[in-house]
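**Student:** Sharing a structure, written as C-alpha cells. Questions coming.
The values are calculated or read from the model by the stated rules, or taken from the named source; none is laboratory data. None of these values were measured; they are calculated from a predicted model. Every residue, glycine among them, receives a Cβ derived from its backbone with ideal geometry; neighbour counts consider all protein chains shown.
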Amino acid sequence: MGAGALKVLVIGKGGREHALCWKLKQSPRVSAVYCAPGNAGTALDVQNVVIDQSDIRGLTQFARREGIGLTVVGPEEPLVKGIVDAFQREGLRIFGPRREAAELEGSKVFAKELMRQAGIPTADCRIFVSAPDAEHYALSREVSLTVRSRGRSSVRNTLHCRTAGEALEAIDRIMDPREMQAPGVQVEIDERGRRRTFASAAEARDFVLGRPVGLVLKADGLAAGKGVFVCNNLRQALDAIDQIMIRRVFGQAGDRIIIEERLDGQETSVLAITDGRTIVPLESCQDHKRAFDHDEGPNTGGMGAFSPNPIITPALMEQVEREILVPAVHALKRARRPFRGVLYAGLMLTNQGPKVLEFNVRFGDPETQAILMRMRSDLLDVLEAAVDERLDRVAIQWDHRPAVTVVMAAEGYPGHYERERPIQNLEAADRMPDVKVFHAGTTLRVEPGPGRESRVVTDGGRVLNVTALGDTLEDARARAYEAAAAIKFPGAWYRRDIAGRPPRAGH
C-alpha cells in the first residue's frame with residue numbers, strides 16, 4: 001500500500017452504510033475504514049466508532065484527529081443538517097451535498113417548486129399549511145352522487161352533489177335530528193343509476209368516504225421514508241392528513257403537506273453521481289417499498305431491490321438524464337446551491353414519459369446494496385473524483401450479472417418491533433458463493449461469563465439485507481432467497497416476491 005493510502009469514514013448505521021464500508025475496504029488505496037456509529041456487520045468488516053450520526057461536532061473532531069482522508073455520508077439527516085458545510089469549514093474532504101442543496105430531499109415543497117421552475121416532469125400538486133384547508137381540498141374530489149331522503153320526513157331533498165364535500169353536507173342536512181318529524185328517515189344515494197339506502201348518517205358518510213380516488217399525500221420534511229401516503233379513497237386521505245398535520249406523527253416534518261394526483265405507470269429508481277458539472281448515472285435499480293407481497297400494506301424504507309432494471313433501456317436512461325437529472329443539477333446551480341454527491345430520482349414511467357415522484361440526495365437503501373454488489377470499479381476513485389470536480393475523467397465498470405437484495409425484517413415492522421433477538425447462521429449464509437449479507441438493524445451483545453463472547457442480535461426494523469449475484473435475475477433471486485432461508489432469528493420475515501415481478505403501478 002502506497003504513501004497515498006487514505007483513511008475513510010462512513011457515517012451511518014444501516015445496510016447502505018455496511019455496503020459502502022464493504023466496497024470501500026476493497027480499494028487498494030484505503031488503509032482503514034471507520035463507520036460511525038455502525039452496526040454488528042460493520043464491526044466485523046471494518047472499525048466502528050461510537051459517535052452518533054447526528055453528532056456533527058463529534059464526527060468533525062474525530063475526522064480531524066484521526067487524519068481521515070475522505071468522509072462518506074450515508075443517511076439524509078446529517079446532510080440536511082449541514083454536516084458537509086461543517087466538514088468543509090474545517091478543511092476536511094467529504095462526499096455529499098451541502099445543506100442548501102440537500103434541501104432537495106429535506107423539503108418536498110422546495111423540490112416541487114424547483115421542478116416547476118426547471119420544467120422537470122412531475123405530478124401536479126397543491127401545498128397546504130393547515131389541516132382544514134387540506135381536508136377541504138381532499139373533499140373537493142368529484143364523485144357525482146345524487147343524495148335524497150326517504151321515509152316520513154318533512155324534508156324531502158334531492159341533491160345533486162358534484163364533490164364528496166357536497167355529498168357529506170347533503171347527508172348531514174337530511175339526517176339532522178332537528179328536521180326529522182318521525183323515525184324511519186333514510187338516505188338514498190344514487191351513483192350513476194345504482195341506488196343504495198342507508199339507515200344512519202354514519203353509514204352514508206362511510207360510503208361517500210370510500211369512493212375511490214387517486215391521491216398521494218406527503219409530509220414536507222424528513223420522515224424516515226414513511227411520510228408518503230398512497231391513498232385509494234377519501235377515508236385514507238383524511239386519515240393521512242390527520243396523522244401528518246393533527247397527530248403530528250412526523251413532528252415538524254408535518255408543518256406543510258403536499259397533496260398530488262397519483263401517477264399511474266411503472267415505478268423505478270435512477271441514481272447518479274455528480275460533481276455539479278458532470279453527471280454519471282449508476283446502473284439501474286428497482287426497490288420494493290410496500291411491506292407485503294403483491295405490493296400490499298404500508299410503505300416502508302424498502303423491502304428489497306434488484307439491479308439492473310430491465311425496463312430502463314439505454315434510450316430511457318438518456319431521456320431521464322436529459323429531462324430530469326441535467327435540469328435538476330443546473331437549476332440548483334442557478335439557485336446558488338451547487339450539488340455534489342448522489343442525486344437519486346424516484347420515477348414513475350407514465351404514458352406521457354418519466355415523471356419524478358421524489359428526489360433524494362444520497363445513496364438509496366436498499367438499492368445501494370444491489371448496485372455496489374455489481375460495481376467493479378474502485379468506489380473510492382469515483383467518490384474522490386466527485387469531490388474534486390473531475391468526474392468527467394471517470395468511467396465506472398460494472399459486472400454484467402444481476403443482483404437481488406432481500407430485506408429480512410423484525411416481527412411487527414414497520415410498526416412496533418422487539419429488539420435483542422439473537423441471529424443464527426449468518427456465517428453460513430455469507431459463505432455461499434456470490435452472496436453478501438449486509439447488516440442493517442443489528443448490534444453486538446456481549447454474553448456474560450468467562451469467555452465474554454459477543455453475538456449478533458437484532459437492533460432495528462429492517463435487520464439484514466441478503467444480497468446475491470446470479471447469471472440471470474432468476475438465479476440471483478434464488479440465491480438470495482436460499483441465503484435468507486438459512487438465517488434464523490425469532491419473528492424473522494421477508495417478502496417472497498422480490499424481483500419476481502415489477503412493483504405494482506400507481507403511486
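**Student:** So which residues in the range 266-286 are over 17 Å from Glu358 (Cα atoms), crowded, with 22+ Cβ neighbours inside 10 Å and hydroxyl-bearing (Ser, Thr, Tyr)?
**Tutor:** Across the range 266-286, the qualifying residue is only Thr274.
**Student:** What is the residue count in the range 22-52 for residues that are under 10 Å from Val10 (Cβ atoms) and either part of a loop (DSSP other than H, G, I, E, B) or at pLDDT below 95 (or both)?
**Tutor:** Residues flagged as under 10 Å from Val10 (Cβ atoms) and either part of a loop (DSSP other than H, G, I, E, B) or at pLDDT below 95 (or both) within the range 22-52 amount to 3.
**Student:** Based on what the data block shows, is Val73 β-branched (Val, Ile, Thr), within 27 Å of Gln252 (Cα to Cα) and in contact with a Leu (Cβ under 6 Å, 6 or more places away or on another chain)? Steps first, answer last, please.
**Tutor:** Details: β-branched (Val, Ile, Thr): yes; within 27 Å of Gln252 (Cα to Cα): yes; in contact with a Leu (Cβ under 6 Å, 6 or more places away or on another chain): yes.
Yes.
**Student:** Any idea which residue in the range 388-424 is farthest from Ala370 (Cα to Cα), counting only those that are of a type in the set (S, T, N, Q) and in contact with a strand residue (DSSP E or B) (Cβ under 6 Å, 6 or more places away or on another chain)?
**Tutor:** Only one residue fits best here, namely Gln424.
**Student:** Quick check on Gly415: is it under 22 Å from the mean Cα position of the chain (by Cα), at pLDDT below 95 and more than 29 Å from Pro354 (Cβ to Cβ)? Step through it out loud before you land on a result.
**Tutor:** Working: under 22 Å from the mean Cα position of the chain (by Cα): yes; at pLDDT below 95: yes; more than 29 Å from Pro354 (Cβ to Cβ): yes.
Answer is yes for this residue.
**Student:** Just the residues that are buried (at least 19 other Cβ atoms within 10 Å of the Cβ) and under 18 Å from the mean Cα position of the chain (by Cα), please, taken from the range 247-265.
**Tutor:** Residues satisfying the conditions are Phe250, Ala253, Gly254, Ile257, Ile258, Ile259, Glu260, Leu263.
**Student:** Evaluate the following for Leu92: is it part of a helix (DSSP H, G or I) and either touching a strand residue (DSSP E or B) at 6+ places or on another chain (Cβ under 7 Å) or more than 23 Å from Ala331 (Cα to Cα) (or both)?
**Tutor:** On the way: part of a helix (DSSP H, G or I): no; either touching a strand residue (DSSP E or B) at 6+ places or on another chain (Cβ under 7 Å) or more than 23 Å from Ala331 (Cα to Cα) (or both): yes.
When the stated conditions are applied, Leu92 does not pass them.
**Student:** Scan the range 219-228 and tell me whether some residue there is surrounded by fewer than 18 Cβ atoms within 10 Å (Cβ to Cβ) and more than 20 Å from the chain's Cα centre (by Cα).
**Tutor:** Taking every residue of the range 219-228 in turn, none turns out to be surrounded by fewer than 18 Cβ atoms within 10 Å (Cβ to Cβ) and more than 20 Å from the chain's Cα centre (by Cα).
**Student:** When you scan the range 437-447, do you find a residue that is of a type in the set (Ser, Thr, Tyr), without any contact (Cβ under 8 Å) to a residue 12 or more places away in the chain and more than 23 Å from Cys285 (Cα to Cα), even just one?
**Tutor:** no
**Student:** Would you mind listing the strands (runs of 3 or more DSSP E) fully within the range 100-172 where at least 2 residues are among the polar types (S, T, N, Q)?
**Tutor:** Numbers: elements: 125-128, 142-150, 158-163.
It comes to 142-150, 158-163.
**Student:** Looking at (1) in a loop (DSSP other than H, G, I, E, B); (2) within 29 Å of Asp434 (Cβ to Cβ); (3) not hydrophobic (A, V, I, L, M, F, W, C), which one does Thr405 not meet, given that it meets all the others?
**Tutor:** Of (1) in a loop (DSSP other than H, G, I, E, B); (2) within 29 Å of Asp434 (Cβ to Cβ); (3) not hydrophobic (A, V, I, L, M, F, W, C), only one is false for Thr405: (1).
**Student:** For the range 213-220, indicate whether the set of residues that are in contact with a helix residue (DSSP H, G or I) (Cβ under 6 Å, 6 or more places away or on another chain), in contact (Cβ under 8 Å) with a residue 24 or more places away in the chain, of a type in the set (Asp, Glu) and not in a helix (DSSP H, G or I) is non-empty.
**Tutor:** yes
**Student:** Can you pull out every residue in the range 458-471 that is in contact with a Lys or Arg (Cβ under 8 Å, 6 or more places away or on another chain) and either free of Cβ contacts under 8 Å to residues at least 40 places away in the same chain or of a type outside the set (A, V, I, L, M, F, W, C) (or both)?
**Tutor:** Once the filter is applied, which keeps residues that are in contact with a Lys or Arg (Cβ under 8 Å, 6 or more places away or on another chain) and either free of Cβ contacts under 8 Å to residues at least 40 places away in the same chain or of a type outside the set (A, V, I, L, M, F, W, C) (or both), the range 458-471 yields Thr458, Asp459, Gly460, Thr467, Gly470, Asp471.
**Student:** Select, from Arg421, Arg390, the only residue that is within 19 Å of Asp459 (Cβ to Cβ), at pLDDT 95 or above and of a type in the set (Lys, Arg).
**Tutor:** Going through Arg421, Arg390 in turn, just one is within 19 Å of Asp459 (Cβ to Cβ), at pLDDT 95 or above and of a type in the set (Lys, Arg): Arg421.
**Student:** Among the residues of the range 149-159, write down those that are in contact with a helix residue (DSSP H, G or I) (Cβ under 8 Å, 6 or more places away or on another chain) and modelled with pLDDT of 80 or more.
**Tutor:** Leu159
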